[in-house]
Amino acid sequence: MSQSVEQVVEEFVALLLLIGAALLLCRRWYKKGTAAQQKQGKGTCLGPAEAAEQKKALTRTMSAAAEFGDRDVEMSPARGGVQEVGAHLAELKLQKYRADFERHGYDDWQKILTMSEKQLAVMFVMVRMPPKDAKLLRDRIMQQLAET
């Protein structure tokens with residue numbers, strides 16, 4: 001059962017190709033799974049650097065608010081009207097943030113409508129809403145305020 005060197009090399013190359021193909025498939029499945037989790041709101045969408053930057057932004061916002069004397073930026077959590085907040089989020093296709101809004105006490109649409117820009121900025125950071133989605137919601141709030 002002796003094999004020539006060429007046969008051994010051919011088998012070794014074939015084995016390496018199989019391992020490489022398996023690794024590529026595993027990587028593709030992992031990426032698909034990670035993307036699906038992020039799309040469903042499971043797992044984290046923020047990397048360590050982004051999370052640190054978001055924390056710094058919140059600190060700057062809170063510092064600026066304190067400097068300008070806006071004491072209610074820390075806000076007591078709003079209560080009631082969670083269905084209305086959820087409805088507005090759903091209309092904007094932002095329903096994935098509903099649980100975070102509830103968790104942080106932002107569940108009263110009328111209270112959200114009375115927030116200052118600084119308070120809105122804090123809210124967007126607290127619910128981990130990226131700027132694109134925050135702009136959508138801010139525009140909805142401003143539109144509704146203009147109508148009243």
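Relative to the current alpha-carbon distance between residue 110 and residue 92, full extension at 0.36 nm per residue lengthens the span by 4.7 nm. Computed on protein heavy atoms with a 1.4 Å probe, the accessible areas place 11, 102 in the order 11, 102, largest first. Here the dipole of the stretch 79-147 is about 260 debye; that uses its Cα centre as origin and unit charges on the Cβ of Lys and Arg (positive) and Asp and Glu (negative). Work out how much length residue 103 to residue 31 would gain on full extension: take 0.36 nm times their residue separation and subtract the Cα-Cα distance, in nm to one decimal. Separation in residues times 0.36 nm, less the Cα-Cα distance, equals 23.0 nm. Here the Karplus curve 6.51 cos²θ - 1.76 cosθ + 1.60, taken at θ = phi - 60°, turns the phi angles of the stretch 123-136 into couplings of 4, 4, 5, 4, 8, 6, 9, x, x, 4, 6, 4, 5, 4 Hz, with x standing for Gly and Pro.
The values are calculated or read from the model by the stated rules, or taken from the named source; none is laboratory data. Since we're looking at a predicted model, the values are computed, not measured. Heads up, the Cβs are rebuilt from the backbone with ideal geometry, glycines too, and the neighbour counts pull from every protein chain shown. Accessible surface is based on the protein model in full, side chains and every heavy atom, while ligands, DNA and RNA are left aside. Shrake-Rupley method; radii C 1.70, N 1.55, O 1.52, S 1.80 Å.
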